[in-house]
Amino acid sequence: VLNTFAVSSANRESIYDIIRAASRGHIDATVARKEMAQLAGARLEDWDKAIATSESRNTKLFEYIASIRAAGYKTAVLSNVSAGGLGARFSEGELSRYFDVVVESGAVHLAKPDPAIYIYTSDTLKLSPSQLVFIDDNASFVAAAVGCGMKAIYYTDLPTTLSQLDQLIANPNN
């Protein structure tokens, strides 16, 4: 999104600071959006539109999540977003259809890669970390999950990730 606007390197760092603060619940999401738009030199409407168009829903991934949940596996989403951030992207019915647990970093005042948020998610699922598979496209978040005792998959593309997950489900002790 930052590439959409002419953002100086200093303002980029300030925007990242705001994202980190909002994802830990230290500032309100509305305030964060306004401050980031201002730093980007954008109108709030243009900022919001750029954010919305940068996000897309992976239908095949959600179909897979629904299928493993129907097979009896517990599912969770752990996201570095402000409190209510996922609710703005999904209806309540959608979230509860796909996930047993929804963890928004801003709501629990923790954020990936802090080990406490992985343990919080594990505890909320009532499973030990070794029973969980964490998937993310950020290598440092994946490493932190492994450090907490979880199995983890670094997301590169959907077919590879689902293949790796199928292998872990078929061979849970590996």
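Among the residues of segment 127-148, just one is over 21 Å from I169 (Cα atoms) and in a loop (DSSP other than H, G, I, E, B), namely N138. Six or more apart or on different chains, Cβ under 7 Å: which pairs go from a residue in segment 142-170 that's free of Cβ contacts under 8 Å to residues at least 24 places away in the same chain and more than 16 Å from T75 (Cα to Cα) to one that's open to solvent by less than 50 Å² (accessible area, probe 1.4 Å) and part of a helix (DSSP H, G or I)? Could you list them? From residues that are free of Cβ contacts under 8 Å to residues at least 24 places away in the same chain and more than 16 Å from T75 (Cα to Cα), the pairs are G149/P129; Y154/V142; Y155/T161.
When K126 is tested against the conditions (1) basic (K, R); (2) more than 13 Å from the chain's Cα centre (by Cα); (3) surrounded by 16 or more Cβ atoms within 10 Å (Cβ to Cβ), the lone failure is (3). When restricted to residues that are open to solvent by less than 60 Å² (accessible area, probe 1.4 Å) and on the phi < 0 side of the Ramachandran plot, segment 13-29 contains 8. Could you tell me whether segment 83-94 includes any residue that is of a type in the set (D, E), under 30 Å from L127 (Cβ atoms) and touching a residue at least 24 places away in the same chain (Cβ under 8 Å)? The answer is no; no qualifying residue exists.
For segment 30-43, what are the residues that are open to solvent by 30 Å² or more (accessible area, probe 1.4 Å) and not in a loop (DSSP other than H, G, I, E, B)? Answer for segment 30-43, where residues must be open to solvent by 30 Å² or more (accessible area, probe 1.4 Å) and not in a loop (DSSP other than H, G, I, E, B): T30, V31, R33, K34, E35, Q38, L39. On the stretch given as segment 109-126, residues that are part of a helix (DSSP H, G or I) and within 18 Å of T75 (Cα to Cα) total 9. The residue of segment 44-67 that is most open to solvent (accessible area, probe 1.4 Å), among those that are under 19 Å from the mean Cα position of the chain (by Cα) and closer than 16 Å to R12 by Cα, is I51. Where residues in segment 95-108 are hydrophobic (A, V, I, L, M, F, W, C), free of Cβ contacts under 8 Å to residues at least 60 places away in the same chain and open to solvent by less than 40 Å² (accessible area, probe 1.4 Å), which of them is nearest to H26 (Cα to Cα)? Applying the filter and picking the extreme gives V103. Within segment 44-96, track down each residue that is among the basic types (K, R) and either at pLDDT below 95 or not in a loop (DSSP other than H, G, I, E, B) (or both). Matches in segment 44-96: K49, R57, K60, R69, R89. Being under 19 Å from Y64 (Cβ atoms), modelled with pLDDT of 95 or more and over 14 Å from the mean Cα position of the chain (by Cα) is true of P159.
Reported count of residues in segment 1-12, each being open to solvent by less than 60 Å² (accessible area, probe 1.4 Å) and either assigned to a loop (DSSP other than H, G, I, E, B) or modelled with pLDDT under 90 (or both), is 5.
The values are calculated or read from the model by the stated rules, or taken from the named source; none is laboratory data. Bear in mind the structure is a predicted one, so any value in this text is a computation, not a measurement. Counting neighbours? That spans all protein chains shown, and the Cβs are built from the backbone with ideal geometry, glycine included. Surface areas here come from the heavy atoms of the whole protein model, side chains and all, with no ligands, DNA or RNA. Shrake-Rupley method; radii C 1.70, N 1.55, O 1.52, S 1.80 Å.
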